[in-house]
Amino acid sequence: MANKISARNINFYYGSHQALFDNNLDIAEHAITAVIGPSGCGKSTHLRIYNRIYELYRDQRVTGSLFIDGVDVLNEKVDVLELRRKVGMIFQKPTPFPMSVFDNVAYPLRLHYRLSRSEIADKVEEALRGASLWEEVKDKLKSSGLALSGGQQQRLCIARAIAASPEVLLMDEPTSAIDPVATLKIEELMVELKKRFTIVIVTHNMQQAARISDFTAFFYKGRIVEFGDTEKIFTNPDEKQTEEYITGRFG
Amino acid sequence: MKRFESVYPLRPLFFRKLKNHLITLFSWSAVVIAVGAMVWILGTVLIDGLKVITPGFLLNPSKPYGIPDAGIGNAILGTLLITGGAALLAVPCGVAAGIYLAEFGSGTRLGNGLRFCANVLMGMPSILVGLLVYSLMVVPMGSFSGVAGSVALAVIMFPVIMRTTEDMLLMVPASLREAALALGMTRTRAILRIVCTSARNGLLTGILLSLSRVSGETAPLLFTAMFADSWPKDYFTGPTANIPMLITEYTTNSPFEEMHAAGWGAAFVVSAIILFINITTRICFRERHHGK
Ligand SMILES: Nc1ncnc2c1ncn2[C@@H]1O[C@H](COP(=O)(O)OP(=O)(O)OP(=O)(O)O)[C@@H](O)[C@H]1O
Ligand SMILES: [Mg+2]
């Protein structure tokens, strides 16, 4: 399987505080890569480099290279809007926009593409079906996206992200604010979505990582301690720290 | 009921309950005083004001004492023009500056300077704002004018709108901003379409409240718009009628009973306008409010 993303010698700084040290990671195409590790170890920080969202904050700085399809996207010359169309992101808390369900999903379509009204309507339906939300919202497309349940809001955000036809989906603890039933739905959805997208997910839920991911990276104190096949990481890890973390004996 | 046994000495319940009652009593009296004052003011204005309100009073222009068929129509129109002009100046500038402060100006020297100036300006007595505009506009132009009044009111509105805009935008969670950018929106679009839309109710409330605040201001108009017994056709070049100045003139500078009564009528009209703005704000936003 080809590598979609390759991170090389990534160091990240919040002002003078260094949060990531020498990260090297390869993300396989059409697979789910799980990022695990204790709180504060730099998982979110690492993920937020992939779409350069950290640039919103003036004091945050990165060094190293991040290759997506062989192009170093940390290079100033790479258009960040183009990058973010290719690399979608789902956040921990659902972030529906203050507009209708339909408009939420139509927004990235109108933003990036020149489409007719009926094409937009088709693509919105397709994205909502893709996020297995269509059946639940098809009668209230006009009502506010904020009026959905938490789990529905998160799937709305997934629909919005995939409507832009990205190639990579970044998910930062997408199910941690959501009940178990909705979580299962989203997990099934991700396994379905990996046929079309390359998925990187940060999770604190070991079972979730074991259930759905193909590869797992274990982060500790800003470093990538171990990376490999999920099955190997969870049954026979090389590093003692990894084993202690996944078995819950972390001290 | 028997009290639970405890290993630690218990504080006597009596004093805790007494304290609770006293504080409740205190907050209730505060409410009664505040509401009472408002009812008293509105009641007086209503009773004394309604007596003189007739269609002619609202539609005819004001006239010097003794001339029949006088009204306050010109002052109503003038006030609408002056405050409208002020809004036209202050709202775009205030909102834009507020966006700058919230989105780009945190921690920068320019941002902190701007915020400091706004705080100073907000605490400035409004009569000083009037004097400032007098020396900057009225003197060079050689005449009082309605537009000078608008500028004075705009100077008062500007910092208020700027700070409310900043506060409202800062209340929008950072995750929503990031989500907008993560979809590939430009910074401008993310701010205008997503962040400002989320904060829309707060922004509009702030604007409308500042508008109703200045629509009754007298001091800044004293040296700028002044007053005229004519329709406000000279908004840009000459003294322009307005309700606050009319009230001041009629009730403090006139010995005649009829003028005092007309002053109450005008007070009624301006209160009604302010009340109208406040109530529509509330109704609009209750219905338009998104979400649960
Ligand atoms: N905005 C920030 N400013 C300064 N330091 C930060 C900021 N965000 C995170 N950090 C620091 O960077 C380190 C990594 O944080 P990060 O949020 O990436 O952790 P995480 O692995 O995602 O944790 P969690 O599992 O709790 O989400 C932590 O030490 C944290 O204190
Ligand atoms: Mg995190």
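The values are calculated or read from the model by the stated rules, or taken from the named source; none is laboratory data. It should be emphasised that the depicted structure is a prediction, and the values quoted were computed from it without experimental measurement. We place every Cβ from the backbone using ideal geometry, glycine too, and count neighbours over all the protein chains shown. These area figures cover heavy atoms from the full protein model, side chains too; ligands, DNA and RNA do not enter into them. Shrake-Rupley method; radii C 1.70, N 1.55, O 1.52, S 1.80 Å.
At a 1.4 Å probe radius, which order do A:TYR113, A:TYR107 fall into by accessible area, largest first?
A:TYR113, A:TYR107
Could you run the numbers on buried accessible area between B and A, total for both chains, 1.4 angstrom probe, in Å² to the nearest 100?
2200
Which distance in nm do the two modelled labels at A:GLU192 and B:HIS260 give, with both placed 7 Å along the Cα-to-Cβ direction?
7.9
Over chain B, with a Gaussian network built from C-alpha contacts below 10 Å, which listed residue (B:THR24, B:THR218, B:THR252) shows the highest mean-square fluctuation?
Looking only at B:THR24, B:THR218, B:THR252, the biggest GNM fluctuation is shown by B:THR24.
Which entries in A:LYS43/A:LYS123; A:LYS86/A:LYS123; A:LYS93/A:LYS195; A:LYS194/A:LYS240; A:LYS43/A:LYS195; A:LYS195/A:LYS240 show an alpha-carbon gap greater than 28 Å? Display every interim value, and only then the final one.
Values: A:LYS43/A:LYS123 32 Å; A:LYS86/A:LYS123 17 Å; A:LYS93/A:LYS195 25 Å; A:LYS194/A:LYS240 31 Å; A:LYS43/A:LYS195 24 Å; A:LYS195/A:LYS240 33 Å.
Too far apart for the 28 Å limit: A:LYS43/A:LYS123; A:LYS194/A:LYS240; A:LYS195/A:LYS240.
Which of B:ALA86, B:ALA97, B:ALA30 ends up with the largest GNM mean-square fluctuation for chain B, with Cα atoms connected below 10 Å?
In this elastic network of chain B, the residue with the biggest mean-square fluctuation among B:ALA86, B:ALA97, B:ALA30 is B:ALA30.
Mind ordering A:123-129, A:232-238 by average Cβ neighbours within 10 Å, highest first?
By packing density, highest mean first, the sequence is A:123-129, A:232-238.
Could you check what % of the DSSP bridge pairs in the protein assembly as shown are antiparallel, to the nearest 5? Please list the in-between numbers first.
Details: 25 of 42 bridges.
About 60 percent, rounded to the nearest 5.
Amide H of B:GLY238: which non-local residues (sequence gap of 5 or more, or other chain) have their own amide H closer than 5 Å, using H built in the peptide plane?
Those lying under 5 Å, H to H, from B:GLY238 are B:GLY146.
To check my understanding: the extent here is largest minus smallest coordinate of the Cα atoms along each principal axis. What are those three numbers for the protein assembly as shown, in Å, largest first?
Taking max minus min along each principal axis of the Cα atoms, the protein assembly as shown gives 102, 74, 50 Å.
Mind running the shape call on chain B? Use the C-alpha gyration tensor, a ≥ b ≥ c as the square roots of the eigenvalues: rounded below 1.5 for a/c, prolate if a/b tops b/c, oblate otherwise.
oblate
Can you work out the accessible area per residue across the stretch B:120-265, with the rest of the protein chains kept in place, probe 1.4 Å, in square angstrom? Write out the running numbers ahead of the final one.
Numbers: 6000 Å² over 146 residues.
Accessible area per residue, the stretch B:120-265: 41 Å².
A:ASP229 accessible area, nearest 10 Å², 1.4 Å probe?
80
I need the shape label for the stretch B:1-138. Rule: rounded when a/c is under 1.5, else prolate if a/b > b/c, else oblate, with a, b, c from the alpha carbon gyration tensor. Let's see the in-between values first.
Details: a/c = 3.80, a/b = 1.46, b/c = 2.60.
In terms of gyration-tensor shape, oblate.
If r is the Cβ-Cβ distance from B:ASN20 to B:LEU192 and R0 is 45 Å, what FRET efficiency results, to the nearest 0.05?
Numbers: r = 49 Å, r/R0 = 1.08.
It comes to 0.40.
Could you pull the accessible area for B:VAL31 with a 1.4 Å probe, rounded to 10 Å²?
Roll a 1.4 Å probe over it and B:VAL31 shows about 70 Å².
Normalised by the residues of the stretch B:77-254, what does the relative contact order come to in percent, with Cα pairs under 8 Å and at least six apart?
34
Counting alpha carbon pairs within less than 8 Å and at least 6 residues apart, what relative contact order, in whole percent, applies to chain A?
Computed over chain A, the figure is 27 percent.
Apply the Karplus curve 6.51 cos²θ - 1.76 cosθ + 1.60, θ = phi - 60°, to the phi angles in the stretch A:14-31 and return the couplings in whole Hz, x for Gly and Pro.
9, x, 9, 8, 8, 9, 10, 10, 6, 6, 10, 8, 10, 9, 7, 6, 6, 9
Let me know the charge dipole size of the protein assembly as shown about its Cα centre in debye, to the nearest 20, where only the beta-carbon of Lys, Arg (+1) and Asp, Glu (-1) is charged.
780
Given H placed on each backbone N at 1.01 Å, which residues far from A:ILE224 in sequence or on other chains put an amide H within less than 5 Å of it?
Residues meeting the amide H criterion: A:ASN24.
Determine how large the accessible area of B:HIS21 is when every protein chain is in place; take a 1.4 Å probe and give Å² rounded to the nearest 10.
Near enough 120 Å² of accessible area.
Got a sec? Charge dipole of the stretch B:77-254, +1 on Cβ for Lys and Arg, -1 for Asp and Glu; which of B:PRO220, B:THR108, B:MET122 is way out at the positive end?
Checking the options against the dipole of the stretch B:77-254, the answer is B:THR108.
With springs only between Cα atoms under 10 Å, which of B:LEU132, B:LEU211, B:LEU221 fluctuates most in a Gaussian network model of chain B?
Maximum fluctuation in the GNM of chain B, among the listed residues, is at B:LEU132.
Between rounded, prolate and oblate, where does the stretch A:150-211 land on the alpha carbon gyration tensor, with a ≥ b ≥ c its root eigenvalues, rounded for a/c under 1.5, else prolate if a/b exceeds b/c?
Judged from the Cα gyration tensor, the stretch A:150-211 comes out oblate (a/c at least 1.5, b/c at or above a/b).
From the phi angles alone, apply the Karplus equation (6.51, -1.76, 1.60; θ = phi - 60°) to the stretch B:45-51 and give each ³J(HN,Hα) in whole Hz, x where the residue is Gly or Pro.
4, 5, 5, 6, x, 4, 4
Report for chain A the percent antiparallel among DSSP-assigned beta bridges with both residues inside it, nearest 5.
The antiparallel fraction comes to roughly 60 percent.
Got a sec to turn the phi values of the stretch A:42-59 into Karplus ³J(HN,Hα) couplings, 6.51 cos²θ - 1.76 cosθ + 1.60 with θ = phi - 60°, whole Hz, x for Gly and Pro?
x, 5, 4, 4, 4, 5, 6, 7, 4, 10, 6, 6, 4, 4, 4, 10, 5, 8
Sort B:SER62, A:SER44 from largest to smallest accessible area, using a 1.4 Å probe on the heavy atoms of the protein chains.
The ordering from most to least exposed comes out as A:SER44, B:SER62.
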